[in-house]
1. Is there a residue being within 13 Å of the ligand (Cβ to nearest atom), open to solvent by 40 Å² or more (accessible area, probe 1.4 Å) and in the same structural domain as residue 72 (by TED's automatic domain parsing) anywhere in the range 103-121?
2. Exactly one condition in (1) under 18 Å from the mean Cα position of the chain (by Cα); (2) under 24 Å from residue 26 (Cα atoms) is false for residue 289; which is it?
3. Filter the range 188-231 for residues that are crowded, with 21+ Cβ neighbours inside 10 Å, touching a residue at least 60 places away in the same chain (Cβ under 8 Å) and β-branched (Val, Ile, Thr); which is nearest to residue 34 (Cα to Cα)?
4. Only one residue in 46, 97, 78 is open to solvent by 10 Å² or more (accessible area, probe 1.4 Å) and either assigned by TED's automatic domain parsing to the domain that holds residue 348 or within 16 Å of the ligand (Cβ to nearest atom) (or both). Which one?
5. Would you tally the residues in the range 246-262 being surrounded by fewer than 18 Cβ atoms within 10 Å (Cβ to Cβ) and over 18 Å from the mean Cα position of the chain (by Cα)?
6. I need the full set of residues from the range 1-25 which are assigned to a helix (DSSP H, G or I) and either among the aliphatic types (A, V, I, L, M) or farther than 23 Å from residue 239 by Cβ (or both), in order please.
7. So is residue 146 closer than 30 Å to residue 354 by Cβ and surrounded by 18 or more Cβ atoms within 10 Å (Cβ to Cβ) or not?
8. Within the set of pairs 6+ apart or on separate chains, which have a first residue in the range 144-169 that is more than 26 Å from residue 345 (Cα to Cα) and within 16 Å of the ligand (Cβ to nearest atom), a second that is of a type in the set (Asp, Glu) and in a helix (DSSP H, G or I), and C-beta atoms under 7 Å apart?
Amino acid sequence: MNQIYMDHAATTPVRPEVLEAMLPFFGSEYGNPSSVYGWGRRARQALDQARDKVSEILGAEASEIIFTSGGSEGANLAIKGAAWAYQKKGRHIVTSAVEHHAVLDSVLWLKKQGFEVTIVPVDEEGMVSPAEVEKALRPDTTLVTIMHANNEVGTIQPIREISEIVRNHGALFHTDAVQTAGVLDIDVKELGVDMLSLSAHKLYGPKGVGALYVRKGVRLDPLIHGGAQEKRRRAGTENTAGIVGLAKALELAHVDREEENARLIRLRDRLLEGLQKIPHTKVNGSLVQRLPNNVNVCFQYIEGESMLLNLDLRGIAASSGSACTSGSLDPSHVLLAMGLSHEIAHGSLRLTLGRDNTESDIDFVLQEIPVIVERLRAMSPLYQR
Ligand SMILES: *Cc1c(COP(=O)(O)O)cnc(C)c1O
């Protein structure tokens, strides 16, 4: 049977070149980068090269990169680390209603510790307005964290405009770029950000490794105390293989990201167009400021969860913002923040394309989904009415 993976916002396969670059560090090159002998020096050299590559792509200096265990740690370190380090200056943090839980829950945890939090709303496309961010700023605001692009609906935020407002106000700005690293330009000077987090497994690298850019001069209290690694900002023996894999994956992504984006946009738009022909279907997110690989729609009168199970039976891997998927009773906080009703949000389907997807995958999915939708609606009492 066909096996079609369309959940690249959840994770991506490791590219063969990435695996190849990593392998020596699971084999003969097992040295600890802090050791002085040959094994250690070779591991250190690999780390240094990886740091140079990553910093170059971000338009940063090598010393401004902290390797982490992924996007969640990056967001936690940026947010909690900066909030603590600057708490004498102020204890107010601003974020948006559509952030990944790594950001939202870090901010809400700080709220429990006595910080004050403003959550900026979004419009019906999931867009954060720079004016709303400006309105939220206070004299005691030390940190603003707004994602570069949303993982559920693919909306790309106006980061440059927002960062300028935040900078002029004198607060720090972090962006969660997990969905855009390897896809969009993530030059930190262009974006005007003080901190930026990314994750390897979302860009065809390994799981459990990421990077956090921290502009020179920005102070962070570490989350993990211990050794002097990462300039005392993140203790623990470095994940040499993972870091080498991250750098390779990011480097490869940047070789052909523009051609690949153009290809993905063609596939995405065909898919969106085909799905919109199904009655009572709504596209979620912006049609203009949208990630090249993101398709997100709501089929009215259907449970996203049943959709996923039916797609799985046909070999198609996708995702939904319905309640069961999110592990809570409520459907996706992102869709709700965009003003969708609970009922509509329960019928959401996300298809996120990737390098291996082809035109014939789109054909197959467009052949299968209408049939499944029709079958599920035939069983839905709401639809009958
Ligand atoms: C996946 C994801 C994260 C978390 O990254 P991990 O490396 O899985 O911890 C954070 N933010 C966004 C937008 C994501 O898509």
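1. Among the residues of the range 103-121, at least one is within 13 Å of the ligand (Cβ to nearest atom), open to solvent by 40 Å² or more (accessible area, probe 1.4 Å) and in the same structural domain as residue 72 (by TED's automatic domain parsing), which makes the answer yes.
2. Among (1) under 18 Å from the mean Cα position of the chain (by Cα); (2) under 24 Å from residue 26 (Cα atoms), residue 289 violates only (2).
3. Out of the qualifying residues, it is 209.
4. Details: 46 fails: either assigned by TED's automatic domain parsing to the domain that holds residue 348 or within 16 Å of the ligand (Cβ to nearest atom) (or both); 78 fails: open to solvent by 10 Å² or more (accessible area, probe 1.4 Å).
Result of the check over 46, 97, 78: 97.
5. 6
6. Here is the first cut: in the range 1-25, the residues assigned to a helix (DSSP H, G or I) are 16-25.
Answer for the range 1-25, where residues must be assigned to a helix (DSSP H, G or I) and either among the aliphatic types (A, V, I, L, M) or farther than 23 Å from residue 239 by Cβ (or both): 18, 19, 21, 22, 23.
7. Details: closer than 30 Å to residue 354 by Cβ: yes; surrounded by 18 or more Cβ atoms within 10 Å (Cβ to Cβ): yes.
Judged against the criteria, residue 146 is a match.
8. none
The values are calculated or read from the model by the stated rules, or taken from the named source; none is laboratory data. For clarity, every value in this text was computed on a predicted model and none was experimentally measured. FYI the Cβ positions are ideal-geometry reconstructions off the backbone, even for glycines, and counts take in every protein chain you see. Ligands, DNA and RNA are stripped out before the accessible areas are found, and what is left, the full protein with its side chains, is counted by its heavy atoms. Shrake-Rupley method; radii C 1.70, N 1.55, O 1.52, S 1.80 Å.
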